[in-house]
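Structure first, commentary second.
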Amino acid sequence: VRLAYVDAPEISQKDIENKEPIGLWARDFLVQKIQGKSIMLKKLATDKYQRMIGEIRLNNELINLSLIQAGFAIVYPFSQFSSRFQKEIFYQQYYQAFNQEKGIWNTLGMVNPYHYRQEQKRPGRLSH
């Protein structure tokens, strides 16, 4: 499952200084939120890799948004939001987490996960 609206760091991804394991932080946050709990998964689409793109809800909490609010993901720029209002909420919460230095924003920052994935695909890349 790929979480709709968000782009979280890859598991192997570290902060800009290559010190903090921000990918693991994001994963651990998600595991802590939903592991062993009854969630609702709403399928929105299927991506080109045949993964389900969806929303995860725990009671009334949209976990996709919780990742953004806690500072463990950015808003996926190519998201198909259900409304302009929903899009504004996600970006509002993203900027708030950034300004309050929550999660990954409590470091010097990160490379955009999309760019990180592209770099990992390059032949002859330098590994850290």
- [ ] May I ask which of Lys48/Lys102; Lys37/Lys121; Lys33/Lys121; Lys48/Lys121 have a Cα-Cα span longer than 29 Å here?
- [x] Lys48/Lys102; Lys37/Lys121; Lys33/Lys121
Open item on the list: Can you tell me the orientation of helix 84-99 relative to the chain, as the angle in degrees between its alpha-carbon axis and the longest Cα principal axis, to the nearest 10?
Closed with: 40 degrees
TODO: Answer with one residue from Tyr49, Ala70, Val111: the one whose Cα lies farthest towards the positive end of the charge dipole of the chain, charges on Cβ with Lys, Arg +1 and Asp, Glu -1.
DONE: Tyr49
Task: Accessible area (Å², per residue) of the chain, counting only protein heavy atoms and a probe of 1.4 Å - done: 65 Å²
Open item on the list: Between region 18-69 and region 83-99, how far is it from one alpha carbon centroid to the other, in angstrom?
Closed with: 17 Å
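Name the trypsin sites (Lys or Arg not before Pro) in region 49-123 that are in a loop by DSSP and that have at most 14 other C-beta atoms within 10 Å, would you? Write out the running numbers ahead of the final one.
Details: sites: Arg51, Arg57, Arg84, Lys87, Lys102, Arg117, Lys121; in loops: Arg51, Lys102.
Those satisfying the criteria are Arg51.
Taking all protein chains as present, what is the carbon and sulfur share of the accessible area of region 1-44, in % to the nearest whole number, probe 1.4 Å?
Working: 1400 of 2710 Å².
Of all accessible area on region 1-44, carbon and sulfur atoms account for 52 percent.
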- [ ] Apply the Karplus parameterisation 6.51 cos²θ - 1.76 cosθ + 1.60, with θ equal to phi minus 60°, to every residue of region 26-40 and state each ³J(HN,Hα) to the nearest whole Hz, in sequence, with x for glycine and proline.
- [x] 5, 4, 4, 4, 5, 4, 4, 6, 10, 4, x, 10, 7, 10, 10
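The values are calculated or read from the model by the stated rules, or taken from the named source; none is laboratory data. Predicted, not measured: the structure shown is a model, and the values here were computed from it. All Cβ positions, even for glycine, are placed from backbone atoms using ideal geometry, and neighbour counts span all protein chains on display. What goes into the accessible areas is simple: the full protein's heavy atoms, side chains included, and nothing from ligands, DNA or RNA. Shrake-Rupley method; radii C 1.70, N 1.55, O 1.52, S 1.80 Å.
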